[in-house]
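Have a look at the structure below before the remarks.
The values are calculated or read from the model by the stated rules, or taken from the named source; none is laboratory data. Just so we're clear, the structure is a prediction, and the values are computed from it rather than from any experiment. All Cβ positions, even for glycine, are placed from backbone atoms using ideal geometry, and neighbour counts span all protein chains on display. Note: areas computed on protein heavy atoms with side chains; ligands, DNA, RNA excluded. Shrake-Rupley method; radii C 1.70, N 1.55, O 1.52, S 1.80 Å.
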Amino acid sequence: MVLMAYGSPERLADVPAYYSDIRGGRPIAPEQLEDLVERYRRLGIEESSPLNAITERTRAALEAELGLPVYTGMKHWAPRIADAVESALGAGAESVAGLVLAPHYSALSIKGYREQLERALAGRAELRFVESWHDEPGFVELLAERVRGTNAHVVFTAHSLPERVLAMGDPYRDQLLETSRLVADAARLDRWSFSFQSESPTGEPWLGPDILDHLRALHEHGVTEVLLCPVGFVSDHLEIRWDLDVEAAGLARELGVRLDRIEMPNDDPAFVRTLAGIVRRTLAVPSTA
Ligand code: FEC
């Protein structure tokens, strides 16, 4: 199995190459690079790089749960998806299951993971790729458990994408709203909403509302307590620890709104069992190739 994740720089000196990989070689304004280096510095990534460490723990737990070799492949850092494929093929794999640690499909996210995986496989093994798992009952229940019984207004969040994805007929936003609704129903929430986060300064419109605008609007409507429940991410990383825990938390303090966030699934055993179930089902479907 190839377990795919976004990837994160290990050292501050890696950030320029990492950012350039994310931008696909398009130019980066020096102030944007400085800003990104500063965010990673303030998170202390040289002491501990949360996303890569969590991905490795998840990989090891999944391997033990499945009884199958699991290789990590990162979209934007090492070990790359192509490295994972070479390791799997080197170990004799004839069939490869590909799962991304991101539940919602978009042509601007999951499709890129799939393309890297297919390019690396180059037809040398059969591919079983999981396109999305946004409505997986174990995932929905795991999140529902973390918001059930709260008195706060729950805000589900996910990474924003350029607005043009809607015109492309991309299912991303609909799948995010579906996950949010399923979790809200399972937890019997009365007060909840959805907002995007982590938009990039690329010069084009991005999907909104953005979490900071949304917090201001909730405050204007008299909301005093908010519980953030990210649904589009599954691990602690920059977008959680900076965009929510520093930026959104700072704004909430200014507004006088109490803001909490659920614990991310990370390598929670129940989450690993859910991922293992998805992989087992994918491998059990007879091949049509
Ligand atoms: O902790 C870490 O080191 C990595 C955290 C991280 C995750 C993540 C997940 C997603 N992204 C998605 C879309 C985009 C698009 C662009 C974009 C840009 C960045 C930058 C950083 C970054 N993303 Fe990310 N993303 C993470 C980190 N992302 C750093 C560049 C600096 C910045 O904008 O702040 C814009 C690309 C461009 O410029 O062309 C689009 C989506 C996800 C969730 C799915 C997934 O995990 O793959 C969608 C984690």
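For the reader, a short list of remarks on this structure follows.
- Total residues in the range 212-240, condition over 16 Å from the mean Cα position of the chain (by Cα) and open to solvent by less than 10 Å² (accessible area, probe 1.4 Å): 2
- Unique residue being hydroxyl-bearing (Ser, Thr, Tyr) and assigned to a helix (DSSP H, G or I) when the list is SER180, SER195: SER180
- Checking each residue in the range 22-80 for being under 20 Å from LEU12 (Cβ atoms) and among the basic types (Lys, Arg) picks out ARG23, ARG39, ARG41, ARG42.
- Filtering the range 216-241 to residues that are touching a residue at least 60 places away in the same chain (Cβ under 8 Å), farther than 21 Å from ARG57 by Cβ and assigned to a helix (DSSP H, G or I) leaves only LEU218.
- Screening LEU3 on (1) more than 11 Å from the ligand (Cβ to nearest atom); (2) outside any helix (DSSP H, G or I); (3) surrounded by fewer than 20 Cβ atoms within 10 Å (Cβ to Cβ) shows it passes everything except condition (3).
- Count - residues of the range 6-46 that are closer than 27 Å to TYR105 by Cα, within 11 Å of the ligand (Cβ to nearest atom) and of a type in the set (A, V, I, L, M, F, W, C): 4
- Check on ASP190, closer than 25 Å to TYR19 by Cβ and not in a helix (DSSP H, G or I): no
- Checklist (1) within 15 Å of the ligand (Cβ to nearest atom); (2) of a type in the set (A, V, I, L, M); (3) surrounded by 20 or more Cβ atoms within 10 Å (Cβ to Cβ) applied to ALA187, failing item: (1)
- Qualifying residue in the range 58-73 (condition: part of a loop (DSSP other than H, G, I, E, B), touching a Ser or Thr at 6+ places or on another chain (Cβ under 9 Å) and not aliphatic (A, V, I, L, M)): yes
- Residue match in the range 47-54 (condition: in a loop (DSSP other than H, G, I, E, B), within 12 Å of the ligand (Cβ to nearest atom), closer than 20 Å to ASN266 by Cα and of a type in the set (D, E, K, R)): no
- Residue, farthest from the ligand (Cβ to nearest atom), within the range 120-150, restricted to residues that are buried (at least 19 other Cβ atoms within 10 Å of the Cβ) and among the β-branched types (Val, Ile, Thr): VAL147
- The range 243-261, residues that are crowded, with 17+ Cβ neighbours inside 10 Å and of a type outside the set (A, V, I, L, M): ASP243, ARG261
- Test: residue in the range 19-30 that is under 29 Å from ALA276 (Cβ atoms), in a helix (DSSP H, G or I), without any contact (Cβ under 8 Å) to a residue 24 or more places away in the chain and open to solvent by less than 50 Å² (accessible area, probe 1.4 Å): no
- Checked across the range 76-94, the condition of being in a loop (DSSP other than H, G, I, E, B), over 30 Å from VAL183 (Cα atoms) and among the aromatic types (Phe, Trp, Tyr) holds for at least one residue.
- None of LEU101, LEU117 is touching a strand residue (DSSP E or B) at 6+ places or on another chain (Cβ under 7 Å), open to solvent by less than 10 Å² (accessible area, probe 1.4 Å), of a type outside the set (Gly, Ala, Ser) and within 16 Å of the ligand (Cβ to nearest atom) except LEU117.
- Of all the numbered requirements in (1) open to solvent by 20 Å² or more (accessible area, probe 1.4 Å); (2) touching a strand residue (DSSP E or B) at 6+ places or on another chain (Cβ under 6 Å); (3) in contact (Cβ under 8 Å) with a residue 60 or more places away in the chain, PRO201 misses one, and that requirement is (2).
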